[in-house]
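Colleague: Below is a structure I'd like to ask you about.
The values are calculated or read from the model by the stated rules, or taken from the named source; none is laboratory data. Note that this is a predicted model, so its numbers are computed, not measured. A quick note on method: Cβ atoms are made from the backbone with ideal geometry, for glycine too, and the neighbour counts reach across all protein chains shown.
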Amino acid sequence: MAAIPTVAATGVELKPVTLYDAAGVASPIARHAPGTLLASAARTATTQAPQQSTENARAIIIGLHVTANPGGAETLELRVYGVDPVSGVLGDEYATFTTAAAVNAYYRLMVGPGLNGTPIAPTRNKAYALPLPPTYVVQVTHSGAGSWTYSLSYAHMI
């Protein structure tokens, strides 16, 4: 394994990047900031997660982990809405993705500038090359009244 180049050898010094919040408090940048939007539970109707702020993120990855489905032709649709920063009103759908019927899987919706619109495994992944809204809401829309068990996660990519 090759040695990691040093400042003495390269003349280049890498320094950590620090961001500052509105109050002027420094916080180091993380590569991603993951979290849970909805904990795993059985659901039979459209569910909306709490508002999220993208803060300093360039891209978001929304993960929908389906562990039980009602069978038949029912599907789930993952929808991302931008939130107006002044009024707090939801805008039009920003990005959407419909799951396969009766399939338990991990589905991923990615939004950020420069993302490829045709990711690997397009039946479970979808990408939108769009800038992020400052605040967004994720909604999981049910096509029928059957019971689905799923969780919803996110990662803000810096």
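Colleague: Would you mention how many residues in the stretch 58-71 are surrounded by 13 or more Cβ atoms within 10 Å (Cβ to Cβ) and either in a loop (DSSP other than H, G, I, E, B) or in contact with a Cys (Cβ under 6 Å, 6 or more places away or on another chain) (or both)?
Modeller: Residues flagged as surrounded by 13 or more Cβ atoms within 10 Å (Cβ to Cβ) and either in a loop (DSSP other than H, G, I, E, B) or in contact with a Cys (Cβ under 6 Å, 6 or more places away or on another chain) (or both) within the stretch 58-71 amount to 3.
Colleague: Next up: Suppose we filter Glu55, Glu74 for residues that are within 14 Å of the chain's Cα centre (by Cα), assigned to a loop (DSSP other than H, G, I, E, B) and either surrounded by 14 or more Cβ atoms within 10 Å (Cβ to Cβ) or of a type in the set (D, E, K, R) (or both); which single one remains?
Modeller: Glu55
Colleague: Could you tell me how many of the residues in the stretch 84-133 are in contact with a Phe, Trp or Tyr (Cβ under 7 Å, 6 or more places away or on another chain), modelled with pLDDT of 90 or more and either more than 30 Å from Ala68 (Cα to Cα) or charged (D, E, K, R) (or both)?
Modeller: Of the residues in that region, 0 qualify.
Colleague: I'm trying to understand the selection: among the residues of the stretch 77-103, which are in contact (Cβ under 8 Å) with a residue 40 or more places away in the chain and not in a loop (DSSP other than H, G, I, E, B)?
Modeller: Within the stretch 77-103, Glu77, Leu78, Arg79, Val80, Tyr81, Gly82, Val83, Leu90, Gly91, Tyr94 meet the criteria.
Colleague: Let me ask something additional. Pick from the stretch 121-158 the residues that are among the hydrophobic types (A, V, I, L, M, F, W, C) and over 16 Å from the mean Cα position of the chain (by Cα): which of them is farthest from Thr99 (Cα to Cα)?
Modeller: Ala145
Colleague: On to the next question. Restricting attention to the stretch 44-53, does a residue exist that is within 19 Å of Gln139 (Cβ to Cβ), in contact with a strand residue (DSSP E or B) (Cβ under 9 Å, 6 or more places away or on another chain) and modelled with pLDDT under 90?
Modeller: yes
Colleague: Right, next: Step by step: first the residues of the stretch 127-158, then only those that are among the small types (Gly, Ala, Ser) and in a strand (DSSP E or B), then the one that is surrounded by the most Cβ atoms within 10 Å (Cβ to Cβ). Which residue is that? It would help to see each step written out before you state the result.
Modeller: We begin by selecting, within the stretch 127-158, every residue among the small types (Gly, Ala, Ser); these are 127, 129, 143-147, 151, 153, 155.
Checking the rest, the ones that are also in a strand (DSSP E or B) come to 127, 151, 153, 155.
Numbers: Ala127: 21, Ser151: 16, Ser153: 19, Ala155: 17.
It comes out as Ala127.
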